[in-house]
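Novice: Below is one structure. I have some questions about it.
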Amino acid sequence: ATLLIGLGAAGLFAVVVQTTVAYTAALSTPDERGRNLGAVTSGVVLGILGGRIAAGALATAWGWRGTYLALAALLVALACLALATLPPDPRTSHATYRQVLTSLTALFTEPLVLSRGLIAFFLFASFGTLWSGLALPLAAAPWHLSPAQIGLFGIAGLAGALGAARAGRWADSGRASAVTGAALALLAASWPAIGQAPRSLWPVVIGVIVLDFAVQAVHVSNQHLLTTTHPHRTSSVVGGYMIFYSLGSALGAATTTTVFATAGWTGSSVLGAVFAGCALLVWAASRRTANTAEQPQPIG
């Protein structure tokens, strides 16, 4: 029961990620928005995957309680740093919470918001399928890897995640929609390599790099398109988009373990590829909407 309460609190206050993205979009000029969103998204993913590496090492050295104590201390330090260094929010409008929720309902009827949200839903379902399930085949025969060794696979993810900054520059130059389609194709192509986990680890490393690059490229492109279309409602549009992100991540995490129990890692890999294929289909069906909304900006 205590664990569930703690997880609920962590999920509630993890909204700082969405807030940071909207805050960055509000502070950015139009020609730098994609680049800045790419930098922030790179930081988010570096933290997620770097945390897996650190947690594996700390759990081996100090146990799981030591891991969480170390993370708690880092969060306190980060809170103090943010309060001391972040510039003030430049926005002057102060809508009520009820008004914001009402506006979200209207946003969900817009084709661009709905299509980008659905892409994010399937995108992060595929992402969650990998990162919530990969430890299962790595800990099983024939590998029997330790938590620290499994955590090292996050290094491969870090290499792919660095592509988020480059994707932001591409988005600034007016290629967000094209980048989304190409990255989703790469996402689907990464799963046959990742599916080799019970037999060979090197294909998995390559697949993880490709998958993480693809996910971050799509994620940055989505946010760039939405904040460019709604420059005065960045918080609302990012918040609405992140609902799809969260639901997709939860779906991938919940389904990968169930499928693994009945069909092994091959079944989980097929599941991740299906999620990627669904995202690609949504992109293809909504490409005209995205191309209409996208307005190329010069790279600053």
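The values are calculated or read from the model by the stated rules, or taken from the named source; none is laboratory data. Note that this is a predicted model, so its numbers are computed, not measured. Don't worry about glycine lacking a Cβ; one is built from the backbone with ideal geometry, like all the others, and counts go over all protein chains shown. Note: accessible area is taken over every heavy atom of the protein model, side chains too, but ligands, DNA and RNA are not part of it. Shrake-Rupley method; radii C 1.70, N 1.55, O 1.52, S 1.80 Å.
Results for (1) more than 16 Å from the chain's Cα centre (by Cα); (2) of a type in the set (Val, Ile, Thr); (3) buried (at least 22 other Cβ atoms within 10 Å of the Cβ), shown as yes or no for each residue.
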position: 182; (1), (2), (3): yes, no, no
position: 189; (1), (2), (3): yes, no, no
position: 192; (1), (2), (3): yes, no, no
position: 195; (1), (2), (3): yes, no, yes
position: 209; (1), (2), (3): no, yes, no
position: 213; (1), (2), (3): no, no, yes
position: 217; (1), (2), (3): no, no, yes
position: 224; (1), (2), (3): no, no, yes
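Novice: Also: Tally up the residues in segment 134-156 that are open to solvent by less than 40 Å² (accessible area, probe 1.4 Å), in a helix (DSSP H, G or I) and more than 21 Å from residue 254 (Cα to Cα), please.
Specialist: Selection size over segment 134-156: 2.
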